[in-house]
1. Can you give me the C-alpha center-to-center distance between segment 197-261 and segment 64-95, rounded to a whole angstrom?
2. Rounded to two decimals, what is Rg over Rh for segment 325-476 when you use alpha-carbon atoms and the Kirkwood radius?
3. With a cap of 15 neighbouring Cβ atoms within 10 Å, and only residues DSSP puts in a loop, list the trypsin sites (Lys or Arg not before Pro) found in segment 89-190.
4. Taking every Cα atom in segment 211-355, find the radius of gyration and the maximum pairwise distance Dmax, and write them in Å.
5. Say the dipole of segment 290-386 comes from +1 at the beta carbon of Lys and Arg and -1 at that of Asp and Glu; which of 333, 344, 360 then lies farthest toward its positive end?
6. Need one number: % antiparallel among DSSP beta bridges in segment 152-305, to the nearest 5.
7. Take every DSSP beta bridge whose two residues both sit in segment 22-181, then give the antiparallel share in percent to the nearest 5.
8. Packing-wise, with mean Cβ within 10 Å as the measure, how do 46-55, 132-141 rank, highest first?
Amino acid sequence: MRITGTGHASMRIDTAAGSILCDPWVNPAYFASWFPFPDNSQLDWESLGDVDYLYVSHLHRDHFDAEHLKRFISKKATVLLPEYPTSQLEDELRELGFTSFFKTRSNEVHELDGGLKVMIQALISPTDGPIGDSSLWIEHDGVRVLNQNDARPTDLSTFAELGHVHAHMLQFSGAIWYPMVYELPQAAKTAFGKQKRDRQFDRTWRYIDDLKADHVFPIAGPPCFLDDELWQFNDIHGDEGNIFPDQSVFMSEYAKVGGTNGVVLLPGSVSELTTGSIETTHPTDVDEFFAGKKAHLEEMRERKAPIIAAEKASWRHPEIDVLGELKKRIEPLLEESIYLAKGVGGPVRFDLLAYDGESVESIVVDFPGKQVRPYADEKVRYRFKTQRELIEHLIFIDEGDWVNSLFLSCRFSAARIGQYNEFVYAFFKCLSEERLQYAEGWYDEHEKSVDAEDTELGGWTVQRRCPHLKADLSRFGIVDGNVLTCQLHGWKFDLPTGKCLTSVGHKIRAEKTAAEPAARAE
C-alpha cells in the first residue's frame, strides 16, 4: 500500500485494487483564516485527483474544499459516503458533479472491486463536525490502515477487532477557537491554552495506545494563519499556551511518552507500507523544514496576501438589513426549538462592528423570548463581537452553520459569565429546518436514555458512559480527589453532587463505592 501525503488531513492511498483520495483541502477556509501548512497548493493535483474513490470525512471546510473538488478531482471517482442522518454531504458533492456514490453502513465492512475492503464509522451527534464526522478503515492484501482524521470515537475497539492495524492516522493539534478569542487576561489565556494543548496530546496518546498500530501518522492539523490580524495564532512565538502545535512538536512530545513509531507526511511524502515494514521518502528534509517554519510562513503570507484581500473584498453587503434578515431566518427556528433553547437558557448578544471600525450595533438572540431583537441593556451570559460584514456575508450566502464559518474563522471575540455552554454553538450550527429537527431529536433521545451500567473509578461508582457524548469512562475517565475528568473532550464533573463543572447540564450519576467489610476473625 502506498500512502502519499497531500496536506493537512488529506492523503492518497494506492493499492493494486484502486486508489482513494481522502479530504483534499487546498483553498483557504473560514473567511480566509485557515490555510493548509505545509503549503500543498503546488502539488500535481491533476494527477493526484485522478483516482478511483473519493472519501470526504465530513463537511468542515478544511476537509470539504468545494472549489478544489470541482476543479481537480475526477468526477468518475466513486464517493465512499458515510452513513449520516442528513443528505447534505451527498447533496453538495452532487452539485459539484459527482454522480457515483457507494453508500456505506456505519461500522460495516464493505468489499469493493479487487478485494479492497473499507469500513466507515460515522459519528452523528450534533457536536460531531457539522452533523457528522467519520473515520475510514481500509484493508488490502493483509495491510490495514485507519484514517481517523479528526474524529473522536468513544473507543477504537470496532477497528481493532478487524485485525492488527499497520498505520494509524489521527489528529493531535487544535482545531477550535478556544481560548484565543475569549476576552481574558493574557495569563489566563496562556493557562487555559496550555491545559487544552496538554489535553489534546493526552487524548492522542490514549487513542494510539488503544489501537497499538505499527506506525502512527500525525495529521489533520495544524492550520496556519496568514492574515496579519490572525498571525499571532501560529505556533512560532514560544507561547506554551498555543493550541496549534505542528508535526515536529508531536514527534518531540511523542518521544517523551516512549513513542518511536511516528511518521510525518509532508505534502509529497510517500510511505510504502507492508505488513512488516515501512519506507518513507520526503520532498525535503523534514527536520530542516520545520526548523525554518517561520520563514516558510512569512513566504506563504506574502504569496497568499492577494487571495486574502480578494476574499475580504467580497464580504460587505450593505444592502442587507441584518436585524430584519436574522429575525426572518432565526425566529422560526427558535419557535421550534425545545432542547437547544432550554439549554442556552437566556439571551445571546452579538455586537456588530460597523465598517468604520468604531460604531456598534448590538443584536440579541433571545432564546426564552423566542425572538431576535435589538439589545435592550439587559444582562447577558454570552456575548460575541465581530465585524458586521461577516454577518452580512453569512446572510448573503444563506449559511446554515455559523460554526463551520464564523466561529472557526477566529474573526471574533467572545465573553461569557459562567461555564461553557455547548447548546449555544449547537444551535448556531443548526440554522436550517433539517438540522434543527435532527439536533432536537438527538437531544430528546439522549436526554431520555438512561445508561444503567456502572464502572468504578478512584473509589467512586459512576455511570460508565459520560453524560456529554457517551464516552466510555472506564477507558477515558480519571478521578482526582472528588473530580472526574473525561479525557475524550476534557469535561469535568464534581462527583459528590454530580454537577458538570465544564458546561451547563449533563449531570453525572455517582456515589462513593462502599468499603469492603472487614474479614471476621475466626
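1. Cα centres, segment 197-261 to segment 64-95: 29 Å.
2. Details: Rg = 18.0 Å, Rh = 17.2 Å.
When Rh is taken as the Kirkwood radius, the ratio is 1.05.
3. Values: sites: 94, 103, 105, 117, 144, 189; in loops: 105.
Answer by residue number: 105.
4. 22.7, 63
5. Toward the positive end, the furthest listed residue is 344.
6. Values: 4 of 10 bridges.
Antiparallel bridges: around 40 percent, rounded to the nearest 5.
7. Details: 15 of 25 bridges.
Roughly 60 percent of the beta bridges in segment 22-181 run antiparallel, per DSSP.
8. Details: 46-55: 19.4, 132-141: 23.1.
The densest-packed peptide leads the list: 132-141, 46-55.
The values are calculated or read from the model by the stated rules, or taken from the named source; none is laboratory data. No experiment lies behind these values; they were computed from the predicted model shown. Ideal geometry is used to build each Cβ from the backbone, glycine not excepted, and the neighbour counts take in all protein chains shown. Note: areas computed on protein heavy atoms with side chains; ligands, DNA, RNA excluded. Shrake-Rupley method; radii C 1.70, N 1.55, O 1.52, S 1.80 Å.
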